[in-house]
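Taking it in order: structure first as structure tokens, then the write-up.
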Amino acid sequence: ATGAITALAFWQETLVVFRETAIYALPGDGFGNVAGDGQNIGPAREISLDVGAVNQESVATTERGVVFHSSKGKWLLTKGWQLEHIGSNVVDYDSEAPLAVHVGEFEHEIRWLTSSRMIVLNTLAGQWGEWSIAGGLHACMWNGAHVYLTAAGPKQQLSTYTALTYGMDVETAWIKLA
């Protein structure tokens, strides 16, 4: 068994149905409500019988495909209906339940919120980041800014910065001391 239906998404004019451990694509417009015209939906096409989404809050549509969090990490369903594992660098956080995922196209970021952190994928660089937060409950895009909700109230991302610091890691060969 592939479990219950956990999430739905639309991609390339196709309904994508996520179950706990499976993904199906259902093409077609369906019959019209009034005249009954159009074509039926389906037949369903199996995309995966191994990977599915954990919940609706873990699924988002990007220009590259549909990103989602499964019990096996973070994945991308691509334009060619292929699955690409994108979360190999953040497997330490796979056990944390995603509360929301949002795509910031102008920032080239995908942000997954959990109760204790924001996990961020920079889609231009293909690099992951992690911001520790306290008490995350949910998140949304509001007036072009990413906002996450805590028990103490909403937290909005800054649009201006007064200071920015960078660190540097240096790796050398062994240094022999006399």
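Some values worked out for this structure:
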{"quantity": "Placed amide H near Ala139: partners under 5 Å, 5+ positions off or other chain", "calculated": "Leu149"}
{"quantity": "Total formal charge among the other residues, if their Cβ is under 13 angstrom from that of Ala134, Lys/Arg +1 and Asp/Glu -1", "calculated": "+2"}
{"quantity": "Equivalent ellipsoid dimensions for the range 65-161 as semi-axes, Å, which come from the Cα gyration tensor, largest first", "calculated": "23, 16, 12"}
{"quantity": "Cubic angstrom per residue, convex hull over Cα atoms of the range 1-159", "calculated": "147 Å³"}
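Computed from the coordinates by the stated procedures, all read-outs in this text should not be read as laboratory data. In this text, all values refer to a predicted model and were calculated from it rather than measured experimentally. Cβ coordinates were reconstructed from backbone atoms using ideal geometry, including for glycine residues, and neighbour counts include every protein chain displayed.
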